[in-house]
Amino acid sequence: SKAEGRGRFRFFEQEMDEQMQARRAIELDLRRALALKEFELAYQPQVDLATQDVVGFEALLRWRNAARGLVSPAEFIPVAEETGLIVAIGEWVLRTACRDAASWPEPISVGVNLSPLQFRSPTLAQTVLSALANSGLAPERLELEITENALIEDTDAVIALLNRLRDVGVRVSMDDFGTGYSSLAYLQKFPFDRLKIDQSFVRGMGENPEAGAIVRAVAALGASLGMKTTAEGVETEEQLAAIRLEGCTHVQGYFTGRPMAAADASALLTQPRRV
Ligand code: C2E
Ligand code: CA
Ligand code: CA
Ligand code: CA
């Protein structure tokens, strides 16, 4: 009935309202988080399948808030992007990750996620160069992880920026490869150092043969383009065996190591673990 429809609509409106208020509350807390030093980085090991050594870590942002507890990036990064706060937060991530990585033995690398919005900021190149200079980290040990969303707008400008960073030695990875609309088109525009195969394909491998075929095809594509290929989200021994078989060069997932505190990452490097 009409009344019922209106009721449902009112309910929907109220729910939207609550969602907006929740976002607004996150935004307010997020604005204070940098000053209050509420952010931390967790580091997840990346393993070379040829040598079975840990060769790098991905820096993953964590927000520890007194009232909220540990907030997942899936919850606050979208808000940080909408409000533009991600630019300042991302700068903190870059500087902190470079400083931490500079204390690791060479040539262990660090992967840093960059949000599309950071590419709109005219100071990104300067921020990366100054994070490297201040930490003393060799540019070759920094891997910027970008999704194709960063390339959708202003493709030429973003590629010029990436080339500038690549010229000084910084590495660039394409993250969540295979989930976007035109990942392949970007491969001929920029020589990525690494393709990170999205975990949805790895997860699908046990259930359907198509997922395995996709992982194999991306591994082969990477190999023929001279790019490394990292399988993400490997949780089991079976998945590890499968991605090894499909020809990926690297693995990053819970099975070979969960995201850990910086001190634990350092400790892990003094006693290299084998998989
Ligand atoms: P991502 O860049 O694809 O990072 C990988 C995510 O998969 C991480 O989630 C990691 O903890 C999780 N993961 C790794 N191995 C496994 C596994 O075996 N199983 C499962 N189920 N998950 C696994 P996390 O830390 O929650 O980060 C989520 C996303 O938030 C990241 O996805 C990235 O898009 C974004 N993010 C994290 N840190 C930053 C940052 O510093 N800046 C920006 N812009 N985005 C970030
Ligand atoms: Ca990533
Ligand atoms: Ca990813
Ligand atoms: Ca992702």
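The values are calculated or read from the model by the stated rules, or taken from the named source; none is laboratory data. All of these numbers come straight from a predicted model, not from anything done at the bench. Ideal geometry is used to build each Cβ from the backbone, glycine not excepted, and the neighbour counts take in all protein chains shown. Keep in mind that these areas ignore ligands, DNA and RNA; they rest on the heavy atoms of the full protein, side chains included. Shrake-Rupley method; radii C 1.70, N 1.55, O 1.52, S 1.80 Å.
Worth a mention:
- Residues of segment 122-147 satisfying the condition of being small (Gly, Ala, Ser), in contact (Cβ under 8 Å) with a residue 24 or more places away in the chain, more than 15 Å from VAL93 (Cβ to Cβ) and in a helix (DSSP H, G or I): ALA125
- Meets criteria (among the β-branched types (Val, Ile, Thr), in contact with a helix residue (DSSP H, G or I) (Cβ under 8 Å, 6 or more places away or on another chain), in contact (Cβ under 8 Å) with a residue 12 or more places away in the chain and crowded, with 19+ Cβ neighbours inside 10 Å) for VAL112: yes
For (1) farther than 26 Å from SER109 by Cα; (2) touching a Lys or Arg at 6+ places or on another chain (Cβ under 7 Å); (3) free of Cβ contacts under 8 Å to residues at least 40 places away in the same chain; (4) not in a helix (DSSP H, G or I), each residue gets a yes or a no:
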position: ARG10; (1), (2), (3), (4): yes, no, yes, no
position: ARG24; (1), (2), (3), (4): yes, no, yes, no
position: ARG32; (1), (2), (3), (4): yes, no, yes, no
position: ALA35; (1), (2), (3), (4): yes, no, yes, yes
position: TYR43; (1), (2), (3), (4): no, no, no, yes
position: GLN46; (1), (2), (3), (4): no, no, no, yes
position: VAL55; (1), (2), (3), (4): no, no, no, yes
position: ALA88; (1), (2), (3), (4): no, no, no, no
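- For GLN46, the criteria (1) open to solvent by 30 Å² or more (accessible area, probe 1.4 Å); (2) within 16 Å of ligand 3 (Cβ to nearest atom); (3) not small (Gly, Ala, Ser) hold in every case but one, which is (1).
- Segment 74-83, residues that are open to solvent by 30 Å² or more (accessible area, probe 1.4 Å) and under 19 Å from PHE119 (Cα atoms): ILE77, PRO78, GLU81, GLU82, THR83
- Counting only residues that are in a helix (DSSP H, G or I) and open to solvent by less than 20 Å² (accessible area, probe 1.4 Å), segment 148-158 holds 3 of them.
- Search result, residues across segment 127-147 that are crowded, with 16+ Cβ neighbours inside 10 Å, hydroxyl-bearing (Ser, Thr, Tyr) and more than 16 Å from ligand 3 (Cβ to nearest atom): THR127, SER135
- Residue that is nearest to ligand 3 (Cβ to nearest atom) [pool: residues in segment 188-203 that are buried (at least 16 other Cβ atoms within 10 Å of the Cβ) and not charged (D, E, K, R)]: GLN199
- So PHE39, is it open to solvent by 70 Å² or more (accessible area, probe 1.4 Å), away from ligand 3 (no atom under 16 Å from the Cβ) and among the hydrophobic types (A, V, I, L, M, F, W, C): no
- Answer residue from segment 212-266, given it is in a strand (DSSP E or B) and among the hydroxyl-bearing types (Ser, Thr, Tyr) and is surrounded by the most Cβ atoms within 10 Å (Cβ to Cβ) among those: THR230
- Flag if VAL172 is within 16 Å of ligand 1 (Cβ to nearest atom), touching a residue at least 24 places away in the same chain (Cβ under 8 Å) and β-branched (Val, Ile, Thr): yes
- Consider segment 1-33 and keep the residues that are among the hydrophobic types (A, V, I, L, M, F, W, C) and open to solvent by 60 Å² or more (accessible area, probe 1.4 Å). The one that is farthest from ASP264 (Cα to Cα) is ALA3.
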